[in-house]
Amino acid sequence: MDEPELQPLRIISGWNVEWNLFYEVDPAKETMHYLDSSSLLHLNNKLNTKAINLEWKPENDVNGNYILRVINIHKKIDEKGVIIFESDWENLHFELKTKSRLEIVREIERLVMQV
């Protein structure tokens, strides 16, 4: 089997790709090693104070699900006057669980346009 490509995504300006391990493979016994990271994709948009995170849980389990979350980001200034951004994982803006890679692709592309 040839090495798969990263999943093509239409990401608009303003979004920063912090990491991308989201491959163009569907979940199957043979592809589980591509779904063994705690986070497959992480995007942030500090201007819109949102982040998008994609995981596969449980890791390496063919019976798992993609979990797509939009996380609210709060801008703070630390004691030295440095601007920091904190992610609020407790109060999510959006969450989707699915086994479908194509559904995840559609949702990511919709979210980067609408969030």
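The values are calculated or read from the model by the stated rules, or taken from the named source; none is laboratory data. None of the values given here were measured: they were computed from a predicted structure. FYI the Cβ positions are ideal-geometry reconstructions off the backbone, even for glycines, and counts take in every protein chain you see. Ligands, DNA and RNA are stripped out before the accessible areas are found, and what is left, the full protein with its side chains, is counted by its heavy atoms. Shrake-Rupley method; radii C 1.70, N 1.55, O 1.52, S 1.80 Å.
The rows are residues; the columns are (1) touching a residue at least 24 places away in the same chain (Cβ under 8 Å); (2) of a type in the set (Asp, Glu).
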site: GLY81; (1), (2): no, no
site: GLU86; (1), (2): no, yes
site: TRP89; (1), (2): no, no
site: LEU96; (1), (2): yes, no
site: SER100; (1), (2): yes, no
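Taking region 47-68, which residues are within 21 Å of ILE11 (Cα to Cα), open to solvent by 10 Å² or more (accessible area, probe 1.4 Å), in contact (Cβ under 8 Å) with a residue 24 or more places away in the chain and part of a strand (DSSP E or B)? Break it down into steps so the answer makes sense when it comes.
First pass over region 47-68, keeping only residues within 21 Å of ILE11 (Cα to Cα): 47-56, 66-68.
Narrowing the set further to residues that are open to solvent by 10 Å² or more (accessible area, probe 1.4 Å) leaves 47-50, 55, 67.
Narrowing the set further to residues that are in contact (Cβ under 8 Å) with a residue 24 or more places away in the chain leaves 47-50, 67.
LYS50, ILE67 - these are the residues of region 47-68 that are within 21 Å of ILE11 (Cα to Cα), open to solvent by 10 Å² or more (accessible area, probe 1.4 Å), in contact (Cβ under 8 Å) with a residue 24 or more places away in the chain and part of a strand (DSSP E or B).
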Any idea how many residues of region 30-46 are closer than 17 Å to VAL70 by Cβ and open to solvent by less than 80 Å² (accessible area, probe 1.4 Å)? 7
Please tell me if PHE85 is aromatic (Phe, Trp, Tyr), at pLDDT below 95 and surrounded by 12 or more Cβ atoms within 10 Å (Cβ to Cβ). yes
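How many residues does region 85-109 contain that are within 14 Å of ARG69 (Cβ to Cβ) and assigned to a helix (DSSP H, G or I)? Spell out the reasoning first.
From region 85-109, those within 14 Å of ARG69 (Cβ to Cβ) are 87-98, 104, 107-108; that's our starting set.
Filter once more, so that each one left must be assigned to a helix (DSSP H, G or I): 104, 107-108.
Result for region 85-109: 3.
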Please verify whether region 11-24 includes one or more residues that are under 12 Å from the mean Cα position of the chain (by Cα), hydroxyl-bearing (Ser, Thr, Tyr) and surrounded by fewer than 17 Cβ atoms within 10 Å (Cβ to Cβ). no
Given the structure, is PRO27 at pLDDT below 95 and either more than 13 Å from GLU109 (Cα to Cα) or open to solvent by 20 Å² or more (accessible area, probe 1.4 Å) (or both)? yes
Selection within region 88-102 - open to solvent by 50 Å² or more (accessible area, probe 1.4 Å) and in contact with a strand residue (DSSP E or B) (Cβ under 8 Å, 6 or more places away or on another chain): TRP89, ASN91, LEU92, HIS93, PHE94, GLU95, LYS97, LYS99
Taking region 1-24 and keeping residues farther than 30 Å from ILE73 by Cα and either in contact (Cβ under 8 Å) with a residue 24 or more places away in the chain or among the aromatic types (Phe, Trp, Tyr) (or both) leaves MET1, PRO4
All but one of (1) in contact (Cβ under 8 Å) with a residue 60 or more places away in the chain; (2) in contact with a helix residue (DSSP H, G or I) (Cβ under 8 Å, 6 or more places away or on another chain); (3) surrounded by 11 or more Cβ atoms within 10 Å (Cβ to Cβ) hold for ILE108; state the number of the condition that does not hold. (2)
Scope region 1-41; condition part of a loop (DSSP other than H, G, I, E, B) and of a type in the set (Ser, Thr, Tyr); matching residues: SER13, SER37, SER38, SER39
